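Structure, as structure tokens:
The values are calculated or read from the model by the stated rules, or taken from the named source; none is laboratory data. Values in this document were obtained by computation on a predicted structure and should not be read as measured data. Note that we place each Cβ from the backbone using ideal geometry, even for glycine, and neighbour counts take in every protein chain shown.
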Amino acid sequence: MDVPRGRLTVAPRVGVVMLAYGDEPVLDLAVDAVLASTGVQVRLVLVDNGCRRPDLAQIADRAAVVLLRPGTNLGFAGGVDAGAALVDEEFLALVNSDAVVAPDALARLTAVAADPAVGIASGSIRLADDPETMNSVGNPVHMLGLSWAGGLGEPASRHADARDVASASGAGLVLRRELWQQLGGFPVEFFAYHEDVDLSWRVWQRGLTVRYVPDAVVEHHYEFSRNPQKMYLLERNRLLFVLTCYGGRTLVLLAPLLVAFELAMGLVAAAQGWGRLKVRGWRWVLGHLGWVSARRRAVQAARRVPDRELAHLWSVRFDAAAMPLPRWAGPVQGLLAAALRLVRRAV
């Protein structure tokens, strides 16, 4: 950090939350990278969410590391919430346990997150096995609630400029701890997946931005999976996000398309062998309408920006690189995109 003439610059304090689950083959690299960060004072809260590494205690045996062992897997949402409760630093960072931050990444993210107009600073998430290729430049948000890794597989050189994005990548982000507390953190009911989309959208609703920071490099040992349990959570949480975060007018306008899309996803799920889990997601939502209603009231009461001012953030087309579609789906997506453009203008 630069030292201005006549006074000493104190490096900002950052509390980093990282979850450990399963085998965690690169956890030691992820922890070492965080602790080697320059330009910031870091303290790492490492949450044991069911980690099977026998050396976890040794990895966490550092002065700047706090090991939290809740005794059960809280999911990504609950684990981060539990870890963040132990953070008293000015800034809160989320770093995946399979992500290696560059030495200056947290400092660069913190500098952007310090801007009062910025809600979340999201890193330049690269593929660890090819660091010149993007994993995520922030995640698009489709109007029907889907989200995916933006820029996946594209050269990092195409994404060298800072810009606002619809949603941050949970693999590496920073926000002010005070804002995290105001937002109430992640909804623990999500358990895992889509919580970064929910948080980012609520940031936008507060009149703040989500900013992609191209020189805050995070190398992610990314491994995409589409297992049935993941698809259950993704689909269920997509519905929870739409039902609680979208305004009433938006939901009314979207209702026919949402119903049609749900039926289509039900058919896809049945064809792919996870149809029962898709139905289970519908049942969860219907069985927790009281929670959905209460959360919707809280989210809508806290918002300061209407959907019409956020409509430009919605994507109306799926990214074929991130979400491969069968050949026949092309014309269908074209019709859906045209309909969604009309809805977006009407919001």
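Criterion applied to A294, A270 was being closer than 25 Å to V332 by Cα, of a type in the set (A, V, I, L, M) and assigned to a helix (DSSP H, G or I), and the one residue passing it is A270. Scanning segment 255-283 for residues being buried (at least 17 other Cβ atoms within 10 Å of the Cβ) and either more than 18 Å from V316 (Cβ to Cβ) or among the polar types (S, T, N, Q) (or both) gives a total of 5. Can we say D161 is buried (at least 20 other Cβ atoms within 10 Å of the Cβ), among the acidic types (D, E) and without any contact (Cβ under 8 Å) to a residue 60 or more places away in the chain? Criteria not met by D161. Checked against the criterion of being over 26 Å from A105 (Cβ atoms) and modelled with pLDDT under 95, the candidates R226, R236 yield just one match: R226.
A count restricted to segment 216-238 and to residues that are buried (at least 22 other Cβ atoms within 10 Å of the Cβ), not in a helix (DSSP H, G or I) and not hydrophobic (A, V, I, L, M, F, W, C) stands at 2. Residues of segment 244-267 that are within 29 Å of V174 (Cβ to Cβ) and either in a helix (DSSP H, G or I) or out of contact with any Asp or Glu (no Cβ under 9 Å at 6 or more places or on another chain) (or both): T244, C245. Within segment 116-151, the residues that satisfy the criterion of being part of a loop (DSSP other than H, G, I, E, B), more than 22 Å from M231 (Cβ to Cβ) and in contact with a strand residue (DSSP E or B) (Cβ under 8 Å, 6 or more places away or on another chain) are A117, A128, V137, G138, G151.
With respect to L67, is the statement that it is modelled with pLDDT under 95, surrounded by fewer than 19 Cβ atoms within 10 Å (Cβ to Cβ) and hydrophobic (A, V, I, L, M, F, W, C) true? For L67, the condition - modelled with pLDDT under 95, surrounded by fewer than 19 Cβ atoms within 10 Å (Cβ to Cβ) and hydrophobic (A, V, I, L, M, F, W, C) - is not met. Please work out if V268 is of a type outside the set (F, W, Y) and either modelled with pLDDT of 95 or more or in contact with a Cys (Cβ under 8 Å, 6 or more places away or on another chain) (or both). No: the conditions fail for V268. Looking at the structure I just gave you, is R108 among the basic types (K, R) and under 13 Å from A216 (Cβ atoms)? So R108 passes the test. Close contacts from segment 239-254, counting a first residue that is over 14 Å from L146 (Cβ atoms) and crowded, with 18+ Cβ neighbours inside 10 Å and a second that is small (G, A, S) and modelled with pLDDT of 95 or more, with Cβ to Cβ under 6 Å and a gap of 6+ residues or different chains, come to L253/A346. Name the residue that is farthest from D104 (Cα to Cα), counting only residues in segment 25-44 that are in contact with a Leu (Cβ under 8 Å, 6 or more places away or on another chain) and surrounded by fewer than 20 Cβ atoms within 10 Å (Cβ to Cβ). Applying the filter and picking the extreme gives L35. Within 13 Å of the chain's Cα centre (by Cα), surrounded by fewer than 22 Cβ atoms within 10 Å (Cβ to Cβ) and assigned to a loop (DSSP other than H, G, I, E, B), is that true of G185? When the stated conditions are applied, G185 passes them.
Residue pairs whose Cβ atoms lie under 6 Å apart, separated by 6 or more positions or on different chains, with the first residue in segment 13-28 and touching a residue at least 60 places away in the same chain (Cβ under 8 Å) and the second of a type in the set (F, W, Y), are V14/F91.
Here is a yes/no grid of residues against (1) charged (D, E, K, R); (2) within 25 Å of N135 (Cβ to Cβ):
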| residue | (1), (2) |
| --- | --- |
| Q229 | no, yes |
| R236 | yes, yes |
| L257 | no, no |
| G287 | no, no |
| G290 | no, no |
| R295 | yes, no |
| E309 | yes, no |
| L336 | no, no |
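Answer with yes or no whether V31 is over 22 Å from V188 (Cα atoms), assigned by TED's automatic domain parsing to the domain that holds D129 and in contact with a strand residue (DSSP E or B) (Cβ under 7 Å, 6 or more places away or on another chain). It is true that V31 is over 22 Å from V188 (Cα atoms), assigned by TED's automatic domain parsing to the domain that holds D129 and in contact with a strand residue (DSSP E or B) (Cβ under 7 Å, 6 or more places away or on another chain).
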